[in-house]
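Peer 1: The structure is given below, and queries will be raised subsequently.
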Amino acid sequence: MFCINDNPESISTFSGINFNVEKYCKDLDIKLSQYDYIKMICNYIGCRPSYLLVTLSLILIITVAMGYAGALICNLIGFVYPAYMSFKAIETPDKMDDKQWLTYWVVYAIFNIVEAFTDLILFWIPFYYLGKLCFLFWLFLPEMKGAEVLYLNLFRPILLKFQNKIDKALDGVMDVSHAAKIVAQRYSSHLTSKKENKIE
């Protein structure tokens, strides 16, 4: 049920839900002001950090929705930010963030494998890259932890079930690659010795 709120700075959509826009913007301003480059940009253009973030987010959403460089933007967001956060997680003694980002990379890898086979179909779906962008944010944002949800409920049970078969297949691949390496080394040494004999 919709309700009217006397406070113009807050938005109420359903009874019991009260979202204060100004308070949210102030909290964002405090968090974003910790970064010197954001403060410098905001001082230069003369706007609040929260307004800058909202504006850039809208530009990003519109750009992806219109189909301009959607694949590039999704790959940058899905890879660059998580890669940097993984680096930070490695450099901190806390192991919880290590688990969070390892889980993300497992889910991201599986998602990329699935997408590689379905990309030709998915490419034609309207706003596909916008949906993918939202999905990636859902995966890695700490408040949502979508990667953890998918891993625990979907991928972990499947991987545990087929773990032995996957390990055997990987061992087979490693044996083949090792054998190929030995053959290549022998062939290379054989060619080298033939060249040396010709020179003599």
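The values are calculated or read from the model by the stated rules, or taken from the named source; none is laboratory data. Because the structure is predicted, anything quoted here is derived from the model rather than measured. Please note: Cβ atoms are built from the backbone with ideal geometry, for glycine as well, and neighbour counts cover all protein chains shown.
Peer 1: Quick one: in region 102-119, which of the residues that are hydroxyl-bearing (S, T, Y) and modelled with pLDDT of 90 or more is surrounded by the most Cβ atoms within 10 Å (Cβ to Cβ)? Walk me through it before giving the result.
Peer 2: From region 102-119, those hydroxyl-bearing (S, T, Y) are 103-104, 108, 118; that's our starting set.
Then drop every residue that is not modelled with pLDDT of 90 or more, which leaves 103-104, 108.
Details: T103: 21, Y104: 23, Y108: 18.
So the residue we want is Y104.
Peer 1: Can you tell me which residues in region 137-175 are in contact with a Phe, Trp or Tyr (Cβ under 8 Å, 6 or more places away or on another chain) and of a type outside the set (G, A, S)?
Peer 2: Pass one, region 137-175, residues in contact with a Phe, Trp or Tyr (Cβ under 8 Å, 6 or more places away or on another chain): 139-140, 144, 146-147.
Within region 137-175, L139, F140, M144 qualify.
Peer 1: What are the pairs with Cβ atoms under 7 angstrom where one residue, in region 36-58, is farther than 17 Å from I77 by Cα and the other, located anywhere, is outside any helix (DSSP H, G or I) and of a type in the set (S, T, N, Q)? Sequence gap at least six, or different chains.
Peer 2: Qualifying pairs under 7 Å: K39/S33; P49/S33.
Peer 1: Something else about it: Against the definition (at pLDDT 80 or above, on the phi > 0 side of the Ramachandran plot, out of contact with any Phe, Trp or Tyr (no Cβ under 8 Å at 6 or more places or on another chain) and not aliphatic (A, V, I, L, M)), how does F127 come out, yes or no? Show your work before the answer.
Peer 2: Working: at pLDDT 80 or above: yes; on the phi > 0 side of the Ramachandran plot: yes; out of contact with any Phe, Trp or Tyr (no Cβ under 8 Å at 6 or more places or on another chain): yes; not aliphatic (A, V, I, L, M): yes.
When the stated conditions are applied, F127 passes them.
Peer 1: Considering each of W138, W101, W124 in turn, give the residue that is touching a helix residue (DSSP H, G or I) at 6+ places or on another chain (Cβ under 6 Å) and free of Cβ contacts under 8 Å to residues at least 12 places away in the same chain.
Peer 2: Details: W101 fails: free of Cβ contacts under 8 Å to residues at least 12 places away in the same chain; W124 fails: touching a helix residue (DSSP H, G or I) at 6+ places or on another chain (Cβ under 6 Å).
Step by step, each of W138, W101, W124 is checked, and only W138 is touching a helix residue (DSSP H, G or I) at 6+ places or on another chain (Cβ under 6 Å) and free of Cβ contacts under 8 Å to residues at least 12 places away in the same chain.
Peer 1: Restricting to helices (runs of 4 or more DSSP H) lying wholly in region 1-101: which have 1 or more residues that are modelled with pLDDT of 85 or more, surrounded by 14 or more Cβ atoms within 10 Å (Cβ to Cβ) and within 24 Å of the chain's Cα centre (by Cα)? Can you show your working first?
Peer 2: Values: elements: 21-32, 36-45, 49-65, 70-91.
Where helices (runs of 4 or more DSSP H) fall fully within region 1-101 and carry at least 1 residues being modelled with pLDDT of 85 or more, surrounded by 14 or more Cβ atoms within 10 Å (Cβ to Cβ) and within 24 Å of the chain's Cα centre (by Cα), they are 49-65, 70-91.
Peer 1: Report whether or not L154 is modelled with pLDDT of 90 or more and either in the same structural domain as L60 (by TED's automatic domain parsing) or of a type in the set (A, V, I, L, M, F, W, C) (or both).
Peer 2: On the way: modelled with pLDDT of 90 or more: yes; either in the same structural domain as L60 (by TED's automatic domain parsing) or of a type in the set (A, V, I, L, M, F, W, C) (or both): yes.
In short, yes.
Peer 1: Against the definition (among the hydrophobic types (A, V, I, L, M, F, W, C), part of a helix (DSSP H, G or I) and touching a Lys or Arg at 6+ places or on another chain (Cβ under 8 Å)), how does C134 come out, yes or no?
Peer 2: Details: among the hydrophobic types (A, V, I, L, M, F, W, C): yes; part of a helix (DSSP H, G or I): yes; touching a Lys or Arg at 6+ places or on another chain (Cβ under 8 Å): no.
For C134, the condition - among the hydrophobic types (A, V, I, L, M, F, W, C), part of a helix (DSSP H, G or I) and touching a Lys or Arg at 6+ places or on another chain (Cβ under 8 Å) - is not met.
Peer 1: Just to be sure before I move on: is L122 closer than 24 Å to I62 by Cα, hydrophobic (A, V, I, L, M, F, W, C), surrounded by 11 or more Cβ atoms within 10 Å (Cβ to Cβ) and under 14 Å from the mean Cα position of the chain (by Cα) in the structure I sent?
Peer 2: Details: closer than 24 Å to I62 by Cα: yes; hydrophobic (A, V, I, L, M, F, W, C): yes; surrounded by 11 or more Cβ atoms within 10 Å (Cβ to Cβ): yes; under 14 Å from the mean Cα position of the chain (by Cα): no.
Judged against the criteria, L122 is not a match.
Peer 1: Further, regarding this structure: Residue check: is G131 touching a residue at least 24 places away in the same chain (Cβ under 8 Å), farther than 18 Å from L152 by Cα and out of contact with any Gly (no Cβ under 7 Å at 6 or more places or on another chain)? Talk me through it step by step, then tell me what you get.
Peer 2: Values: touching a residue at least 24 places away in the same chain (Cβ under 8 Å): no; farther than 18 Å from L152 by Cα: yes; out of contact with any Gly (no Cβ under 7 Å at 6 or more places or on another chain): yes.
Taking the combined requirement at face value, the residue does not satisfy it.
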